[in-house]
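Here the structure comes first, spelled out in structure tokens, and everything after it is commentary.
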Amino acid sequence: MAAARAVNLPDAAGRFGRYGGRYVPETLIPALDEITAAYQATKRDPTFKKAFFELLHDYVGRPTPLTYAAKLSDRYKRKIYLKREDLNHTGAHKINNAIGQGLLALRLKKKRIIAETGAGQHGVATATACALLGLKCHIYMGTEDMRRQQPNVFRMRLLGAEVIGVTSGTCTLKDAVNEALRDWVTNVESTHYILGSALGPHPFPMMVRDFQSVIGREARKQILKKEGRLPDLLLACVGGGSNSIGLFHPFLRDTSVRFIGAEAGGRGSALGEHAARFDGGTFGVFQGMASYVLQNTDGQVMGTHSVSAGLDYASVGPEHAWMRDTKRAEYIRCSDDQALAGLHLLSESEGIIPALESAHAIGVLPEVVKKTQNGAIIIINVSGRGDKDVAEVARFEGVKL
Ligand SMILES: *Cc1c(COP(=O)(O)O)cnc(C)c1O
């Protein structure tokens, strides 16, 4: 009963229980209404779906494989499968959403796209989708992040995007989001804002989830074909929450399937040292939505830390907050060190170097298997490939390249 209800969230107000909603300036409400209406229409439109799935197939390279991890399986006495989002064009799951929203922008007759980016992964995915679809692309990025992620800045420029440096606040992701929202308020007639994760004001959490649900739908079919039954557990890293909700959501009604999300435990449990929103966060409002937020007692949002830029965010998608409160999903923290161990483990045992974000899902595996029986089927989402992180891993481990 609860599971059936779950599938129909968010409600008409964009709420997952007390989470979600639209905490934005009044001037953006008409745009959010317009996107919601256009998006609802696309859901029923076979030509939109056809265009989306054709691009996922012919351009992104979907479906991605579900790879049996033989050595990990041996080691842990479980059947461990890897959903290979690392094999998508551009190297991660973010392109699924960027293409979906790019097509939606064409439908809304908006020729200009803006987006925020932290590490540059969502910026690159958005710039790619814009090049493909012939859309003008402006990417907001904190200048501190630009300095740390120069190759991605150059990639975006190669793809024809304009990268706009943001110098307010800490010059990082949250400041880039603020700046992108400000731009959107001013240019909403001509511009669509492609949000990069399953968060922000309604309808973004729902829309991003739906575009990313291709991950879970494929995985469900693939595991039924390979094993003849549903998995016992799904495991994914949780930044904003898009790769994890994309894997989990098509299994929401399957109450025998457990969900575990791995958050960035960083380098300690004090506020500011991690991005474990469910461990150290409290109910609050941040960047357009109600969710768990890492904040002080005045409601000031705190700085975060993670070895992986993609998990380094002070809040989390509202559907995860709801799943956590209703105990549909469980969230555990994975420290920087555990994540690095996870990266080594997957690289050495299966020949797959995961993104540092994805390595958080591998890093908690030794702990997660203890929650299951021998022979249990576990699917881990490998949300992206690790090429982008090789230099950072070397630096972290004191290796000179
Ligand atoms: C951005 C990113 C993440 C985190 O974002 P979610 O929205 O939580 O999926 C995870 N993995 C990779 C490879 C990323 O680029």
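Every residue, every condition in (1) farther than 23 Å from Asn96 by Cβ; (2) in contact with a Leu (Cβ under 7 Å, 6 or more places away or on another chain); (3) part of a helix (DSSP H, G or I), yes or no:
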| residue | (1), (2), (3) |
| --- | --- |
| Val185 | yes, yes, yes |
| His192 | no, yes, no |
| Gly196 | no, no, no |
| Val208 | no, yes, yes |
Index of the failed condition, His249 passing every other in (1) within 22 Å of Gly14 (Cβ to Cβ); (2) part of a helix (DSSP H, G or I); (3) touching a His at 6+ places or on another chain (Cβ under 7 Å): (3)
Unmet requirement for Gly261, which otherwise passes all of (1) among the small types (Gly, Ala, Ser); (2) away from the ligand (no atom under 16 Å from the Cβ); (3) under 29 Å from Leu66 (Cβ atoms): (2)
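Of the residues that make up region 67-80, is at least one closer than 30 Å to Phe204 by Cβ, touching a residue at least 40 places away in the same chain (Cβ under 8 Å) and in the same structural domain as Val364 (by TED's automatic domain parsing)? Give the derivation first.
Going residue by residue through region 67-80, those that are closer than 30 Å to Phe204 by Cβ are none.
Among the residues of region 67-80, not one is closer than 30 Å to Phe204 by Cβ, touching a residue at least 40 places away in the same chain (Cβ under 8 Å) and in the same structural domain as Val364 (by TED's automatic domain parsing), which makes the answer no.
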Enumeration of residues in region 297-340 that are in contact with a Gly (Cβ under 7 Å, 6 or more places away or on another chain), among the aliphatic types (A, V, I, L, M) and either closer than 26 Å to Arg147 by Cα or within 12 Å of the ligand (Cβ to nearest atom) (or both): Met302, Ala309, Leu311, Val316, Ala339
Residue identified as under 17 Å from Ala309 (Cα atoms) and of a type in the set (Lys, Arg) among Arg147, Arg157: Arg147
Yes/no for Asp175 being within 16 Å of the ligand (Cβ to nearest atom) and at pLDDT below 95: no
Which listed residue, of Tyr68, Tyr76, is away from the ligand (no atom under 16 Å from the Cβ), within 21 Å of Asn243 (Cβ to Cβ) and hydroxyl-bearing (Ser, Thr, Tyr): Tyr68
Tabulated pairs, region 227-244, first modelled with pLDDT of 95 or more and within 16 Å of the ligand (Cβ to nearest atom), second among the aromatic types (Phe, Trp, Tyr) and assigned to a strand (DSSP E or B), C-beta under 7 angstrom, 6+ apart or interchain: Leu234/Phe259; Val238/Tyr331
Some residue of region 56-72 being of a type in the set (D, E, K, R) and more than 30 Å from Gly342 (Cα to Cα): yes
Residues satisfying the stated conditions in region 159-195, i.e. among the charged types (D, E, K, R) and farther than 18 Å from Leu135 by Cβ: Lys174, Asp175, Glu179, Arg182
Top-ranked residue of region 170-200 - restricted to ones that are of a type outside the set (S, T, N, Q) and more than 19 Å from Thr27 (Cα to Cα), ranked as surrounded by the fewest Cβ atoms within 10 Å (Cβ to Cβ): Cys171
Matching residues, region 131-165, being touching a Leu at 6+ places or on another chain (Cβ under 8 Å) and either within 10 Å of Thr117 (Cβ to Cβ) or assigned by TED's automatic domain parsing to the domain that holds Asp389 (or both): Gly142, Asp145
From the options Ser349, Ser358, residue that is modelled with pLDDT of 95 or more, within 23 Å of the chain's Cα centre (by Cα) and hydroxyl-bearing (Ser, Thr, Tyr): Ser358
Identity of the residue in region 48-98, of a type in the set (A, V, I, L, M) and not in a helix (DSSP H, G or I), that ends up farthest from Lys221 (Cα to Cα): Ala92
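Among the residues of region 371-397 satisfying the criterion of being in a helix (DSSP H, G or I) and under 27 Å from His89 (Cβ atoms), which is farthest from the ligand (Cβ to nearest atom)? If you could, list the steps in order and put the result at the bottom.
Residues of region 371-397 in a helix (DSSP H, G or I): 387-396.
So of that shortlist, the ones also under 27 Å from His89 (Cβ atoms) come out as 387-394.
Working: Asp387: 11, Lys388: 8, Asp389: 9, Val390: 14, Ala391: 16, Glu392: 13, Val393: 14, Ala394: 18 Å.
The selected residue is Ala394.
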Residue pairs meeting the criteria (Cβ under 9 Å; at least 6 apart or on separate chains; first touching a residue at least 24 places away in the same chain (Cβ under 8 Å) and outside the structural domain of Gly384 (by TED's automatic domain parsing), in region 353-366; second assigned to a helix (DSSP H, G or I) and crowded, with 24+ Cβ neighbours inside 10 Å): none
Among (1) small (Gly, Ala, Ser); (2) within 16 Å of the ligand (Cβ to nearest atom); (3) without any contact (Cβ under 8 Å) to a residue 60 or more places away in the chain - the single one Ala98 does not satisfy: (3)
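For region 205-226, which residues satisfy the criterion of being of a type outside the set (Lys, Arg), touching a residue at least 40 places away in the same chain (Cβ under 8 Å) and over 16 Å from Thr67 (Cβ atoms)?
Pro205, Met206, Met207, Val208, Asp210, Phe211, Gln212, Val214
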Enumeration of residues in region 267-304 that are assigned to a helix (DSSP H, G or I), buried (at least 19 other Cβ atoms within 10 Å of the Cβ) and not hydrophobic (A, V, I, L, M, F, W, C): Arg277, Gly280
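The values are calculated or read from the model by the stated rules, or taken from the named source; none is laboratory data. Computed from a predicted model, the values in this text were never measured in an experiment. Because the Cβ atoms are built from the backbone with ideal geometry, glycine has one as well, and the counts that use them run over all protein chains shown.
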